[in-house]
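**Q** Let me give you the structure first, and then I'll get to my questions.
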Amino acid sequence: MANNLTFIRPLPNERPDAAVPTGTWPWPLFWARRGTKAAWPKGGPIPGTCRTLADFLGRTGEFLYRKDFVLKKFVLCAVTAALALVLAGCGQQEGEASAADAPQQEQQTSGAPAAEATAPGPVTFTDDMGNEVTVDNPQRVVACMGSFANAWELAGGTLVGVSDDALTAAGWTIQSPDVATVGDFTAVNLEAIMALNPDFVIMTSGTGGRGGDSSQVDLRDALVGAGIPVAYFEVTTFDDYERLMRTFTDITGRADLYEQNVAKVAEAIDGIVGAVPAENPPTALLLTTFSGGTRAQSSGTQTGAMMADLGVNNLADENKSLLKDFSLEAVIEMDPDFVFVIPMGNDTEAAMRNLEEATAANPAWGSLSAVQNGRYITLDPTLYLAKPNAQWGAAYQGLFDNLYGQN
């Protein structure tokens, strides 16, 4: 402990030259109070002062005041100094901890965006034609069917080219900027596809549509020969959509979008199907009508499969001749509980007018149970003809409401 402190000042009425020198701790005073006065020459001044020991011992109160004042001040300063050291140490530890944690916190903050920005690696899969296809984070994708274009974007991908229906048909909104068209899906233009320098082409392996035939399969050799990965898919049921989206989200690395646009939809569909009454399944006939005629649809079609899942007995499955040659007389004879009609083609009004004219010519049509009971129902083609994709749940719910909501 140093003995040079600045606490001692002259007592009242003391001359400055008689006081303990400023800046000096009078150790003899402390010792004198502890009984060490014999250590000092009798009557002699205390070293460093102009006063004798007797002078101080005769002023006990003043001495005690001075001693207490000094001790209190000393203790206060000592505690203050100790607290300062403790706080400095804590501050240093906190600073070190903050410095140590800063990179980790920064890494945690940027971790999610970094994960999202990480490009997925090569993905190899088998398409619906049995072809093995490998793609590596494709960025210039061409989708040659509107539903596939929509599904690719639902999986987090972007497009540089699409078939015309992706931009003109109701029900889809393409988000990718500056998308070029490659022709109608029934006759896509190979040169238009190649001009876009694609690194992945999505095509349909199915044929037929709007009364015509598609030939996208015929373009495979040219695309593969040019080193362009091409995959063919055919989506009829929700299970097909699940499989398609699993492949797409594997390619884009967006499992979160599979959960959002497929898994949650599947959960909703399971709930709808689970609510179907177990007894008295309804009978129904499903028709598609276009300007050139009308056809019945079996349970092997998109909406026919949904009807089957909802417990419907499709009369076209029992009378397959309706699938090729629609007969009003046959329908009247079967007298289904429900008749569902889907208009197809670019002009849905013309399609419905064709059926209305045919049924109006036969008075017996009005005697059908479905017609009399208000169960002759026109379905929205955006849900029941085009692939509903993320709206499969809404399509199932609409059918369920028509079939069982009136019970």
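**Q** Using modelled backbone amide H atoms (1.01 Å from N, in-plane), which distant-in-sequence or interchain residues come within less than 5 Å of residue 230's amide H?
**A** Those qualifying (amide H under 5 Å, at least 5 residues apart or on another chain) are 201.
**Q** Find how much the distance from residue 330 to residue 125 grows on full extension, using 0.36 nm per residue of separation minus their present alpha carbon separation; answer in nm with one decimal.
**A** The span from residue 330 to residue 125 would gain 69.2 nm if fully extended.
**Q** Right, something else. Run through every distinct alpha carbon pair of the range 278-405 and return the Kirkwood hydrodynamic radius in angstroms, one decimal place.
**A** Mean inverse Cα-Cα distance, inverted, gives 14.7 Å.
**Q** Find the percent of Cα-Cα distances in the range 334-388 that exceed 16 Å, and round it to a whole number.
**A** Within the range 334-388, distances greater than 16 Å cover 48 percent of Cα pairs.
**Q** If you find the alpha carbon centre of the range 205-284 and of the range 348-371, how far apart are they in angstrom?
**A** So the separation of the two Cα centres works out to 33 Å.
**Q** OK, next. Please provide three numbers in whole Å: the alpha-carbon extents of the range 123-267 along the principal axes, with the largest listed first.
**A** On the principal axes, the range 123-267 reaches 40, 32, 31 Å in Cα extent.
**Q** Please compute the Kirkwood hydrodynamic radius over the range 202-317, one decimal place, Å, based on all pairs of different Cα atoms.
**A** 17.0 Å
Every read-out reported here was derived from the displayed coordinates using simple, explicitly stated rules and does not represent laboratory data. All figures in this text were calculated on a predicted structure; none of them were measured in a lab.
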